[in-house]
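Working notes for the structure below.
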Amino acid sequence: MLLSIFILEDQVIQAEYMKRLVESICSEQHIPYQFIHVTSRPTELLEKISQCTYTPIYFLDIEIKNETRKGLEVAQQIRKIDDHGIIVFVTTHTEFAPISYQYMVSALTFIDKQAEQSIYKENIALCLDYYAKRNKQHEVEQYFIVENEYTTLKVPFHSVEYIMTDAPHRLQLVTTKQLIQYYGTLKEMEQIDSRLIRCHKSYLVNLNQIKAINHKEQCIELKSGKYVPVSRRLMSSLKLKLKED
Amino acid sequence: MLLFSFISLLGIGLCHIYLYILLLGQRVLNWVAITTISLFFIITLTLSVSLTSFPELNFIILFIFLLLLGRFYKQVPLQHNILFTLLSITSFTVLKNGLFSILLMTYFSSSASVYIWTSHLLQMVSVIILAVIIYLARSYISDIGRYVVKSRWYMPTYAITIFCSLLLLIINYPKNPWLAGLHNTFASTFSNILFIATIVLLLMLILGTVMSKERLLDKLEQEQQEQLVAYVKKLEYMHDELITFRHDYLNLLLSLEHAIREEDMEQIKQSYYEVLAPTGVSLNHIQIEQTKLSHIEVVELKSLISVKLLHAERQQIEVQIDIPQKITTLPLPLATYLRIASIFIDNAIEGALQSSRPSIQISLFEVNHNHYFIIKNSLNHLHIDLQQLYKKDYSHKGDSRGIGLYSAQRLIKKYAHATLMTELEEAYFKQELCVKNN
């Protein structure tokens, strides 16, 4: 399983620097790659996509040749040909990197190229690691996906802590660092993933986030320290399901 | 027969209470609570009237009861409360009696056979019909309650309502000797007058509501117009500044060129630094961001964000605007969208101010039929409970000013296609509103 890596960067020194970092990460993590193609010309990159055997990963500099939006346009053209490849934007000011870019072409993230070397390398490594894993594992397992006429959600499953009802037909999905409020019912959510357990009339909890069950206080303690109530009725079935793992 | 009476009685109690609550503006109702309250009330009423045999008590107890209910349910000024109570009692009673009379007459004039229980049945039917009508017209009735208190017809409406209430008291076979005397003399005339007065009252209510609504709408439009004018003025000012800047800049470049031709290093250095210094002052970063708002073609939203940007600028917050495409329509009703955006931006500004390097970013765009409004601000507080944030009185500023996010959440909850994602990372706080269009 060979990876195809593209780097679009118009400053030669920056480009070589990135290429060297990618090579060293790949050898350290034992990630085999087909090629690392470095270029400053978008057309060249687009032509080479067809020669890839596997879905590629693209590191695109947003500000190519002093045109701030060129990176985004290249990304959009890439998306026309390749719908699944991972796009990573490389830029000088990540706190101000336009969020819209990320959403418009489903880019993975932004990397700050002016960051200190160890941080820069770590960020690139995270992207490559994600890329390698994704090609092996099914997306369905990795993500909690809600797709219906009212909402589209895609959250890494390991970060989902619990879902609770907030009002009739309104749910709150709590993850390790987010709160998502949307339209739906717990019944529908239950059916999306079997690792979500109904521990209370108004709560669904992620099995993998449970740290301990407090029988006396009728609640579950999660790994993050949050608490989720358990109803008496569902306590026994909850314990059973836990034992099954 | 008893059954019909019982149902009528229950229905009457329920309707009085329901009508009253609608006028108060409570739309989401707990049916169980209302039914139990009605039952309790009817029992109390029946007991007191049969024990004391003062039919006046019907009216008085109902009046006091509803008034107390109102204080318990919502904080409305006492004078409005009294108006609503009297209004609901008189209008319902008169309409019910009117409807009952009509049904009775039609029934008698038809060839259907009459039984002992016919009138009870017809009473029940009229109550049910009125109940259904009230239910169907519930949003109009709520509107009346809301707008009539602000309309110019308030005083006349109040006067007529009191007048009708007095007439009703006299007509309903009172036992008190003075009232009974009035009843004997004037009962039938009063009935007719009452009927007409109620119709006049209803007309006044409807007119008052409609006119009041229009007046308020006009005021809103005028405010928006003023905001727009302010925005355009600001734009013109910025444009003039830009022209001046360009002019100065070109001049400085010319002197730089001159120095280069002369190969005078000192001169070159001096001109270069002279260019840098004024650039930092006259072309403000914030003003560049303001021009990015031109992509928003919904004028009200553009002026709202523009005003907020000025707030931020005055408080030295770095702002970045990210609006890549033209925005021509909004996926939620305008007032709702503006209110939510306003709350989020205010919140972001307050949050950013507490961080070491205050900055906010506003993104607005559409992808795959999904409309995104995202606002991100720099942050200092690491320990925010995201769920608590939306509770009514929560505020990490310490005092009880936390109603903004709660209101925003309430608005968003009304729309099934709206999803709100709140994210908290070490250095920033992000609010993402996504509305799915199909």
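Can you give the angle from 0 to 90° between the axis of helix B:177-262 and the longest principal axis of chain B, with both taken from C-alpha atoms, to the nearest 10?
Relative to chain B, helix B:177-262 is tipped by roughly 0 degrees.
Where does the protein assembly as shown land on the Kirkwood hydrodynamic radius, alpha-carbon pairs, in angstrom?
Roughly 31.4 Å, rounded to one decimal.
For chain B, take the longest principal axis of its alpha carbons; what is the angle in degrees between that and the long axis of helix B:31-52, to the nearest 10 within 0 to 90?
30
Please compute the Kirkwood hydrodynamic radius over chain B, one decimal place, Å, based on all pairs of different Cα atoms.
Details: mean 1/r = 0.0363 Å⁻¹.
Hydrodynamic radius (Kirkwood, Cα only) of chain B equals 27.5 Å.
Would you mind giving the mean number of other chain beta-carbons within 10 Å of the Cβ of each residue in B:370-376, as a whole number? Write out the running numbers ahead of the final one.
Details: counts 3, 0, 4, 0, 4, 1, 3.
Neighbouring Cβ atoms belonging to other protein chains average 2 per residue here.
Helix-derived [θ] at 222 nm for chain B: sum -39500 (n - 2.57) over DSSP H runs of at least 4, divide by residue count, nearest 500? Before the final figure, lay out each step's value.
Details: 13 runs with 302 residues, N = 438.
That comes out to -24000 deg cm²/dmol.
Beyond a 23 Å Cα-Cα separation, which of these cross-linked pairs lie in this structure: A:LYS216/B:LYS413; B:LYS326/B:LYS414; B:LYS233/B:LYS308; B:LYS302/B:LYS376; B:LYS150/B:LYS414; A:LYS201/B:LYS436?
Details: A:LYS216/B:LYS413 34 Å; B:LYS326/B:LYS414 27 Å; B:LYS233/B:LYS308 16 Å; B:LYS302/B:LYS376 18 Å; B:LYS150/B:LYS414 26 Å; A:LYS201/B:LYS436 28 Å.
Over 23 Å Cα-Cα: A:LYS216/B:LYS413; B:LYS326/B:LYS414; B:LYS150/B:LYS414; A:LYS201/B:LYS436.
Quick one: order B:THR161, B:THR189 from most to least accessible surface, probe 1.4 Å.
On the way: B:THR161 0, B:THR189 70 Å².
If we order B:THR161, B:THR189 from most to least accessible, we get B:THR189, B:THR161.
From Cα coordinates alone, what are the radius of gyration and Dmax values for segment B:193-259 in angstrom?
29.2, 99
May I ask for the Kirkwood hydrodynamic radius of segment A:1-56, worked out over all distinct Cα pairs and given in angstroms to one decimal? Let's see the in-between values first.
Numbers: mean 1/r = 0.0850 Å⁻¹.
Answer for segment A:1-56: a Kirkwood hydrodynamic radius of 11.8 Å.
If you restrict to DSSP beta bridges whose two residues both lie in the protein assembly as shown, what percentage is antiparallel, to the nearest 5? Please report the intermediate quantities before stating the final value.
Values: 59 of 84 bridges.
Here the share of antiparallel DSSP bridges comes out near 70 percent.
Per residue of A:172-184, count partner chain C-beta atoms within 10 Å of its C-beta, then hand back the mean as an integer. Intermediate results must be reported in sequence, preceding the final value.
On the way: counts 6, 2, 2, 3, 1, 7, 8, 10, 8, 12, 10, 8, 2.
Counting Cβ atoms of other protein chains within 10 Å of each residue's Cβ and averaging gives 6.
What list of ³J(HN,Hα) values in whole Hz, one per residue of segment B:297-308 in order, does the Karplus curve 6.51 cos²θ - 1.76 cosθ + 1.60 (θ = phi - 60°) give from phi, with Gly and Pro shown as x?
With coefficients 6.51, -1.76 and 1.60, one gets 9, 8, 4, 5, 5, 4, 5, 4, 5, 4, 4, 5 Hz.
Long-range amide H contacts for B:LYS175: which residues qualify at under 5 Å (H placed 1.01 Å from N, peptide plane, sequence gap of 5 or more or a different chain)?
Distant-sequence amide H within range of B:LYS175: B:GLU56.
Can you give the convex hull volume of the alpha carbon atoms of segment B:71-220 per residue, in Å³? Intermediate results must be reported in sequence, preceding the final value.
Details: hull volume 23.8 nm³, N = 150.
For segment B:71-220, the hull spanned by Cα atoms encloses 159 Å³ per residue.
Which percent, nearest 5, of DSSP beta bridges in chain A are antiparallel? Write down the numbers at each step before the final one.
On the way: 31 of 50 bridges.
Expressed as a percentage, antiparallel bridges in chain A total about 60.
The values are calculated or read from the model by the stated rules, or taken from the named source; none is laboratory data. It should be emphasised that the depicted structure is a prediction, and the values quoted were computed from it without experimental measurement. Positions of Cβ are backbone-derived with ideal geometry, glycine not excepted, and every protein chain shown enters the neighbour counts. Surface areas here come from the heavy atoms of the whole protein model, side chains and all, with no ligands, DNA or RNA. Shrake-Rupley method; radii C 1.70, N 1.55, O 1.52, S 1.80 Å.
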